[in-house]
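Engineer: Got a structure for you, questions after.
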Amino acid sequence: MEPQQIREGYLVKKGTLLNSWKAVWVVLSEDGLEFYKKKTDHSPKGMIPLKGATLMSPCQDFGKRTMVLKITTDKKQDHFFQASHMEEREFWVKDIKRAITCLEGGKKFARKSTRRSIRLPDTINLTELYTLMKDQDDGVKELKLEQENRVFNHCFTGVTVVEWLISKEKARNRPEALMLATGLLNEGFLQPASDLSKERAESGEQMAFLDQTIALYYFADSGFFCEGYSSDEDVLLKEEFRGNIIKQGCLLKQGHKRKNWKVRKFVLRDDPAYMHYYDPTKGDDPLGSIHLRGSVITAVEYVPDAKKYDIDGNLFEIITSNETHYFLQAATAEERKEWIKAIQAVSKSGK
């Protein structure tokens, strides 16, 4: 019998021989991970067996690269993959761990119940704690804070985190809350924003988190950005990033000049209505942005000037108010539907 296919999608993979990172199409089945150069390829570039394998997440072997997970095979070969955002990484981690567990027990893959409990278990679940911290109503509030002639957007103080943990009865006192916050920082869920918090995080001290009002932090997958008091043009540019993140993930995008297709990470923000796209293998500087106010978003069945092998469905088009056309491709029909719905809502409500 063919192995059951569990999950598929784009991830960024580190080369096994060279130190380069490239976006690949990954398919998780019951007994292994296959990765392809393109989604439309029939033969995989490689296969990672999961029997006897171990998984580490988050993996912090690469400094500034976040959202990385490491799979070590039974033959002690390491494979590194990077997700585009926190939720995506957790989905992959949960399914890969479950596949490994099922292989060890000689069982067929089946997901456990995903019912969530607000009460944390004795062994602290940092992923669950992070989800609670990000809750729109009861979580840690993201603020715009000023410090040393700089403005930090979508961040909060160390004191705020410590006091939230105590108020929500996740910790009994400040030392215990500080230990939890340090755990969240070490695991990559929280990131240092200010110079003070960065110095502490890199100092090697056991307590890497600071319980101080001048120590600033932000959520790893938030819309954080820092700006100095500079020209009006810079401030106008930063205005694009002020909106809340509504949806993010990887899509195929057709280039405007060469008409070739490349995997790009997209981040959709609501107010102002912008969709920024990035090279998922590189840093946080966007390659470009799409101003969505007044745009028309529709599903399409074909793309003009597209090479035949690039087309396998799930296409959609964004036509901006200034008549610029963007052609994108989702991984599945359901994903295309979700992106179109989210972009349409933002294009109508955002300024």
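Engineer: Identify the single condition in (1) of a type in the set (Ser, Thr, Tyr); (2) surrounded by 15 or more Cβ atoms within 10 Å (Cβ to Cβ); (3) not in a helix (DSSP H, G or I) that Thr182 does not satisfy, given that it satisfies every other one.
Structural biologist: Condition not satisfied by Thr182: (3).
Engineer: A further question on this structure: Which residue out of Asp310, Asp279, Asp271 is open to solvent by less than 50 Å² (accessible area, probe 1.4 Å), modelled with pLDDT of 80 or more and of a type outside the set (Ser, Thr, Tyr)?
Structural biologist: On the way: Asp310 fails: modelled with pLDDT of 80 or more; Asp271 fails: open to solvent by less than 50 Å² (accessible area, probe 1.4 Å).
Step by step, each of Asp310, Asp279, Asp271 is checked, and only Asp279 is open to solvent by less than 50 Å² (accessible area, probe 1.4 Å), modelled with pLDDT of 80 or more and of a type outside the set (Ser, Thr, Tyr).
Engineer: Still on this model: Looking only at region 122-164, count every residue that is of a type in the set (A, V, I, L, M, F, W, C) and touching a helix residue (DSSP H, G or I) at 6+ places or on another chain (Cβ under 9 Å) and tell me the total. Explain how you work it out, then say what you get.
Structural biologist: Of the residues in region 122-164, the ones of a type in the set (A, V, I, L, M, F, W, C) are 124, 126, 129, 132-133, 140, 143, 145, 151-152, 155-156, 159, 161-162, 164.
Checking the rest, the ones that are also touching a helix residue (DSSP H, G or I) at 6+ places or on another chain (Cβ under 9 Å) come to 124, 126, 129, 133, 140, 143, 151, 156, 161-162, 164.
Counting residues in region 122-164 that are of a type in the set (A, V, I, L, M, F, W, C) and touching a helix residue (DSSP H, G or I) at 6+ places or on another chain (Cβ under 9 Å) gives 11.
Engineer: How many of the residues making up region 30-47 are part of a strand (DSSP E or B), over 16 Å from Gln82 (Cβ atoms) and under 22 Å from the mean Cα position of the chain (by Cα)? Walk me through it before giving the result.
Structural biologist: First, pick out the residues of region 30-47 that are part of a strand (DSSP E or B): 32-36, 46-47.
From what's left, over 16 Å from Gln82 (Cβ atoms): 32, 34, 36, 46-47.
When the remaining residues are screened for being under 22 Å from the mean Cα position of the chain (by Cα), the result is 34, 36.
Selection size over region 30-47: 2.
Engineer: Of the residues in region 315-348, how many are under 24 Å from the mean Cα position of the chain (by Cα), of a type in the set (Ser, Thr, Tyr) and over 20 Å from Lys262 (Cα atoms)? Before the answer, list the steps.
Structural biologist: To start, the set of residues in region 315-348 that are under 24 Å from the mean Cα position of the chain (by Cα) comprises 315-318, 326-347.
Right, trim to of a type in the set (Ser, Thr, Tyr) and you get 326, 332, 347.
From the residues that got through so far, the ones that are over 20 Å from Lys262 (Cα atoms) too are 347.
Residues flagged as under 24 Å from the mean Cα position of the chain (by Cα), of a type in the set (Ser, Thr, Tyr) and over 20 Å from Lys262 (Cα atoms) within region 315-348 amount to 1.
Engineer: From the list Arg65, Arg7, Arg98, Arg89, exactly one residue is in contact with a Pro (Cβ under 9 Å, 6 or more places away or on another chain) and among the basic types (Lys, Arg). Which is it?
Structural biologist: On the way: Arg65 fails: in contact with a Pro (Cβ under 9 Å, 6 or more places away or on another chain); Arg7 fails: in contact with a Pro (Cβ under 9 Å, 6 or more places away or on another chain); Arg98 fails: in contact with a Pro (Cβ under 9 Å, 6 or more places away or on another chain).
After applying the criteria, what remains is Arg89.
Engineer: Output the number of the condition that Leu145 fails; it satisfies all remaining conditions of (1) in a helix (DSSP H, G or I); (2) in contact with a Cys (Cβ under 7 Å, 6 or more places away or on another chain).
Structural biologist: Checking Leu145 against (1) in a helix (DSSP H, G or I); (2) in contact with a Cys (Cβ under 7 Å, 6 or more places away or on another chain), the one that fails is (1).
Engineer: Next question, about the same structure. In region 240-268, what residues are in a loop (DSSP other than H, G, I, E, B), in contact (Cβ under 8 Å) with a residue 60 or more places away in the chain and open to solvent by less than 50 Å² (accessible area, probe 1.4 Å)?
Structural biologist: Correct list: Gly243 only.
Engineer: Give the residues of region 48-78 that are surrounded by 15 or more Cβ atoms within 10 Å (Cβ to Cβ), at pLDDT 90 or above and in a loop (DSSP other than H, G, I, E, B), sorted by residue number.
Structural biologist: Leu50, Ala53, Thr73
Engineer: Now for a different question. Any residue in region 293-307 that is in contact with a Pro (Cβ under 7 Å, 6 or more places away or on another chain) and surrounded by 20 or more Cβ atoms within 10 Å (Cβ to Cβ)?
Structural biologist: no
Engineer: What is the number of the single condition among (1) hydroxyl-bearing (Ser, Thr, Tyr); (2) over 30 Å from Leu18 (Cβ atoms); (3) in a strand (DSSP E or B); (4) open to solvent by less than 50 Å² (accessible area, probe 1.4 Å) that Ser347 does not meet?
Structural biologist: Going through the list (1) hydroxyl-bearing (Ser, Thr, Tyr); (2) over 30 Å from Leu18 (Cβ atoms); (3) in a strand (DSSP E or B); (4) open to solvent by less than 50 Å² (accessible area, probe 1.4 Å), Ser347 breaks only (3).
Engineer: Hey, does region 101-121 have a residue that's closer than 16 Å to Pro192 by Cα, modelled with pLDDT of 85 or more and open to solvent by less than 100 Å² (accessible area, probe 1.4 Å)? Walk me through how you get there before you give the answer.
Structural biologist: If we filter region 101-121 for residues that are closer than 16 Å to Pro192 by Cα, which is where we start, we get none.
Within region 101-121, not a single residue is closer than 16 Å to Pro192 by Cα, modelled with pLDDT of 85 or more and open to solvent by less than 100 Å² (accessible area, probe 1.4 Å).
Engineer: With open to solvent by 70 Å² or more (accessible area, probe 1.4 Å) and either among the charged types (D, E, K, R) or out of contact with any strand residue (DSSP E or B) (no Cβ under 6 Å at 6 or more places or on another chain) (or both) as the only criterion, which of Lys45, Lys13 stands out?
Structural biologist: Working: Lys13 fails: open to solvent by 70 Å² or more (accessible area, probe 1.4 Å).
So the residue among Lys45, Lys13 that is open to solvent by 70 Å² or more (accessible area, probe 1.4 Å) and either among the charged types (D, E, K, R) or out of contact with any strand residue (DSSP E or B) (no Cβ under 6 Å at 6 or more places or on another chain) (or both) is Lys45.
Engineer: Which condition from (1) under 27 Å from Asn186 (Cα atoms); (2) open to solvent by less than 80 Å² (accessible area, probe 1.4 Å); (3) in contact with an Asp or Glu (Cβ under 9 Å, 6 or more places away or on another chain) is the one that Val26 breaks?
Structural biologist: Only one criterion in (1) under 27 Å from Asn186 (Cα atoms); (2) open to solvent by less than 80 Å² (accessible area, probe 1.4 Å); (3) in contact with an Asp or Glu (Cβ under 9 Å, 6 or more places away or on another chain) is unmet by Val26, namely (1).
Engineer: Now for a separate question. Looking at Ser289 and the list (1) open to solvent by less than 30 Å² (accessible area, probe 1.4 Å); (2) without any contact (Cβ under 8 Å) to a residue 60 or more places away in the chain; (3) of a type in the set (S, T, N, Q), which single condition is not satisfied?
Structural biologist: Only one criterion is unmet by Ser289, namely (1).
Engineer: Another one. Which members of region 185-216 meet the condition of being assigned to a loop (DSSP other than H, G, I, E, B), modelled with pLDDT of 90 or more and buried (at least 20 other Cβ atoms within 10 Å of the Cβ)? Walk me through it before giving the result.
Structural biologist: So in region 185-216, the residues assigned to a loop (DSSP other than H, G, I, E, B) come out as 187-189, 193-194, 202-215.
If we keep only those that are modelled with pLDDT of 90 or more as well, we get 209-215.
Correct list: Phe209, Leu210, Ala215.
Engineer: Would you check which residues across region 132-166 are open to solvent by 80 Å² or more (accessible area, probe 1.4 Å) and either modelled with pLDDT of 90 or more or within 24 Å of the chain's Cα centre (by Cα) (or both) and list them? So that I can check it myself, show each step before the final result.
Structural biologist: If we filter region 132-166 for residues that are open to solvent by 80 Å² or more (accessible area, probe 1.4 Å), which is where we start, we get 136-138, 141, 143-144, 146, 148-149, 163.
Correct list: Gln136, Asp137, Asp138, Lys141, Leu143, Lys144, Glu163.
The values are calculated or read from the model by the stated rules, or taken from the named source; none is laboratory data. Here the structure is a predicted model, which is why all the values come from computation and not from measurement. FYI the Cβ positions are ideal-geometry reconstructions off the backbone, even for glycines, and counts take in every protein chain you see. We work out accessible area using only protein heavy atoms, side chains counted, and drop any ligands, DNA or RNA first. Shrake-Rupley method; radii C 1.70, N 1.55, O 1.52, S 1.80 Å.
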